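The values are calculated or read from the model by the stated rules, or taken from the named source; none is laboratory data. Computed from a prediction, not measured in an experiment: that's the story for all the values here. All Cβ positions, glycine included, derive from the backbone under ideal geometry; neighbour counts span all protein chains shown. What goes into the accessible areas is simple: the full protein's heavy atoms, side chains included, and nothing from ligands, DNA or RNA. Shrake-Rupley method; radii C 1.70, N 1.55, O 1.52, S 1.80 Å.
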Amino acid sequence: MINKDRLLNEFIELVGVPCPSKDEKAEAELLVRKLQAMGLEVKVDDAGSKIGGTTGNVWAFLPGNVQGATRLFFEAHMDSVPPTTGTKVVRRDGVLYSDGTTTLGGDDKVGIAAALEAVRTVQEQNIPHGDIQLCFTIAEEIGCLGVVNLEPANIKADLGYCLDIGGAPGIVTNAAPRLFDIYFTVRGKSAHAGIEPEKGINAIMLAAKALAALPAYGRLDEETTLNVGQIEGGAATNIVAEQARFVIDMRCMDPEKLERLKDATISLIREVVEAGGGMLEAEPVEGSPAVHVAEDHAAVLLAKQAADNLQLPFELTKTGGCSDGNFLCGYGLPCILLATGMSKVHTTEEYLRECDLYDCTRWVTEIIRVAGQK
């Protein structure tokens with residue numbers, strides 16, 4: 001059903017456009033032209049101005065031609081991780097690579113290309129469909145800032161699909177964790193380290209004792225992780241460190257369980273620091289809400305039926321990562337992640353099998369077709 005040559009050429013075009021986080025303007029302008037040429041209603045929101053970016057999220061809307069059909073929302077992000085400028089695609093034995101000097105950019109241009117080609121196919125073949133809404137976001141790679149700063153009221157859909165996760169098309173991710181980053185500041189007392197160290201309170205050592213007191217880190221259980229990801233402190237080698245900072249990343253599929261872990265961790269670290277004569281400041285920042293869409297939810301069943309129709313092996317999975325999909329679920333849109341085939345992302349070894357690009361697009365097209373029958 002899809003035009004493979006057009007799809008492949010468009011993917012190569014998209015990844016060749018510079019698109020670092022917060023500077024996706026060239027990509028956004030290209031997409032606006034393409035979407036307008038397709039006859040869709042297009043707008044760019046003000047999310048970029050809120051984060052110091054060069055453009056906002058790109059929205060597009062195609063009215064349905066079947067009254068009462070399920071309204072669908074497809075999302076992908078425009079930015080790619082560096083090195084991302086000047087990507088040159090190399091085709092070898094049915095696989096797409098960069099030339100080794102940049103990432104390929106399949107994360108997340110596969111999702112964008114698939115959405116564009118699917119909508120074109122629906123239009124060209126007069127496939128009955130409900131309302132289709134597209135949203136291409138900015139700054140996903142640096143904290144999902146585009147989706148964080150969009151206006152939820154602009155979402156006009158019943159079901160959502162985030163086209164942004166690895167694995168072969170046919171794989172659906174319906175669960176992802178809630179995330180907290182906790183920023184800790186330990187305050188001690190400075191003193192000359194060579195003349196009167198006993199008059200100081202070493203904040204670095206207090207932080208070390210507190211972290212060593214954690215009962216566990218890494219994978220705590222099958223649904224929970226805790227990572228100490230950053231630490232810094234001190235002013236000079238001859239000064240007893242007055243201050244130390246560290247950040248803990250914790251995630252859990254169970255939001256209430258994560259809340260308890262957050263509180264217990266802060267309490268433990270505070271107890272150790274204060275016992276050593278120091279003071280503690282703890283600032284928990286919620287990174288993203290959890291995703292949990294039931295196995296029998298319409299979003300999952302629709303994706304499964306479409307995959308079965310195309311004979312794509314269907315599989316339900318969960319991820320420990322966070323994506324724009326977490327926030328879309330948090331806004332009240334039931335949203336699951338569809339695998340796009342992207343592999344070794346965030347490296348110059350990133351690659352994409354051409355058949356996965358085609359299958360992802362066929363899957364999106366079939367989801368639209370099946371939804372139009374209801």
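Rounded, prolate or oblate: pick one for segment 1-113, where a ≥ b ≥ c are the square roots of the eigenvalues of its C-alpha gyration tensor, a/c under 1.5 means rounded, and failing that, prolate if a/b is larger than b/c, else oblate.
Because a/c hits 1.5 or more and a/b fails to exceed b/c, segment 1-113 counts as oblate.
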Applied in sequence order to segment 95-102, the curve 6.51 cos²θ - 1.76 cosθ + 1.60 (Karplus, θ = phi - 60°) yields integer Hz couplings, x standing for Gly and Pro, of 10, 9, 10, 7, 7, x, 9, 9
Quick calc, segment 212-371, dipole around Cα centre from Cβ unit charges on Lys, Arg (+) and Asp, Glu (-), nearest 20 debye, gives 200 debye
For segment 192-263, whose charge dipole is built from +1 on Lys and Arg Cβ atoms and -1 on Asp and Glu Cβ atoms, the candidate among Pro255, Tyr217, Gln243 with its Cα farthest towards the positive end is Gln243
Here, Thr237 and His346, labelled 7 Å along Cα→Cβ, have an inter-label distance in nm of 3.4 nm
Of the accessible area of segment 1-135, computed with a 1.4 Å probe and all protein chains kept, carbon and sulfur make up a percent value of 47 percent
Taking placed amide H atoms and a strict 5 Å upper bound, the residues 5 or more places from Asp131 or on another chain that come that close are Gly64, Leu72
Taking R0 as 25 Å and r as the Cβ-Cβ distance between Ile142 and Gln305, the FRET efficiency 1/(1 + (r/R0)^6), rounded to the nearest 0.05, comes to 0.10
Stretched fully, the stretch from Ala275 through Arg245 gains (0.36 nm per residue minus C-alpha distance, one decimal, in nm) 9.0 nm
Gyration tensor on Cα atoms of segment 16-72, a ≥ b ≥ c root eigenvalues, a/c under 1.5 rounded, else prolate if a/b beats b/c, else oblate, says prolate
The simple spin-label model distance between Thr225 and Glu286, using points 7 Å out along Cα→Cβ, in nm, is 2.1 nm
The distance between the Cα centres of segment 109-164 and segment 198-263, in whole Å, is 38 Å
So for segment 35-174, using the alpha carbon gyration tensor with a ≥ b ≥ c as root eigenvalues (a/c under 1.5 gives rounded; past that, a/b versus b/c decides prolate or oblate), I'd call it oblate
Expressed in nanometres to one decimal, the distance between label points 7 Å along Cα→Cβ at Glu151 and Val66 is 3.1 nm
Scaled by the rule-of-thumb 2.2 N^0.38 Å, the alpha carbon Rg for segment 214-301 gives a ratio of 1.45
For the chain, averaging the sequence separation of alpha carbon pairs under 8 Å that lie six or more residues apart and dividing by its residue count, the contact order in percent is 24 percent
To the nearest 20 debye, the chain has a Cα-centred charge dipole, built from +1 on Lys and Arg Cβ and -1 on Asp and Glu Cβ, of 200 debye
Amide H neighbours of Ala290 at under 5 Å, excluding residues fewer than 5 places away on the same chain, with H built from the backbone geometry, are Arg178
So the pair-distance distribution of segment 258-374, from every Cα-Cα distance in 10 Å bins, comes to percents of 11, 28, 27, 15, 11, 6, 1
Rounded to the nearest 5, the percent of antiparallel DSSP beta bridges in the chain equals 75 percent
Taking alpha-carbon centroids only, segment 264-295 lies from segment 16-69 a number of Å equal to 37 Å
Averaged per residue, the 1.4 Å probe accessible area of segment 281-374, protein heavy atoms only, in Å², is roughly 41 Å²
In the chain, whole DSSP H helices that both stretch 15 Å or further along their axis by alpha carbon positions and average at least -0.5 on the Kyte-Doolittle scale are 4-15, 25-37, 106-124, 255-275, 298-309, 354-371
Here the alpha-carbon Rg of segment 80-159 over 2.2 N^0.38 Å rounds to 1.39
Beyond 25 Å (Cα-Cα) in this structure, taken from Lys43/Lys344; Lys22/Lys344; Lys209/Lys318; Lys109/Lys262; Lys257/Lys304; Lys257/Lys318, we find Lys43/Lys344; Lys209/Lys318; Lys109/Lys262; Lys257/Lys304
Computed over segment 87-242, protein heavy atoms only, probe 1.4 angstrom, the accessible area per residue in square angstrom equals 42 Å²
Non-local residues with an amide H under 5 Å from the amide H of Glu242, with H modelled 1.01 Å from N and Pro and chain starts lacking one, are Ala203, Gly234, Ala235
Contact order relative to length for segment 209-361, counting C-alpha pairs under 8 Å separated by 6 or more residues, stands in percent at 16 percent
Note to self, the chain gives a 222 nm [θ] from helices alone (DSSP H runs n ≥ 4, -39500 (n - 2.57) apiece, / all residues, nearest 500) of -10000 deg cm²/dmol
